[in-house]
Amino acid sequence: MKRSRFSEEQIIAVLKEQEAGMPTAEVCRRHGISSATFYKWKSKFGGLEVSDARRLRTLEQENSRLKKLLAEASRSGLPFRTS
């Protein structure tokens, strides 16, 4: 997966600029992003604070790690418990 040029904190700052009243097209032009990228960010990070975004990132990383463990366990034929 391609790494973003922007951190979660920067993305939230960009979204807050638009929420403060700056037109979306101006925000996109200032930061060099497309409007599609802006609205994708808004759907994912809209309404979040920086601390919430950090928590979201840690949960996504943990979820990814657990999925890999489950896939490895099922590939190796080891029984796993679901209780």
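Quick note: the coordinates plus some simple rules give every number you see, no bench work behind them. Keep in mind that what you see is a predicted model, and the values were worked out from it rather than measured. Quick reminder, even Gly has a Cβ in these numbers, built from the backbone with ideal geometry, and neighbours come from all protein chains shown.
Worth a mention:
- Full extension of the chain segment joining residue 13 with residue 49 gains 12.0 nm, where the gain is 0.36 nm per residue of separation less the Cα-Cα distance.
- Sites listed here are chymotrypsin sites (Phe, Trp or Tyr not before Pro) in segment 6-74 whose DSSP assignment is loop and whose Cβ has at most 16 other Cβ atoms within 10 Å: 6.
- Helical contribution to [θ] at 222 nm, DSSP H n ≥ 4, -39,500 (n - 2.57), averaged over the chain, rounded to 500: -22500 deg cm²/dmol
- Residue 29 versus residue 4: modelled label distance in nm, points set 7 Å from Cα along the beta carbon direction: 2.4
- The residues 33, 12, when put in order of fewest to most other Cβ atoms within 10 Å, stand as 33, 12.
- Pairwise Cα distances in the chain exceed 22 Å in 42 percent of cases.
- The mean sequence distance of close C-alpha pairs (under 8 Å, at least 6 residues apart), as a share of the length of segment 8-76, puts its relative contact order at 36 percent.
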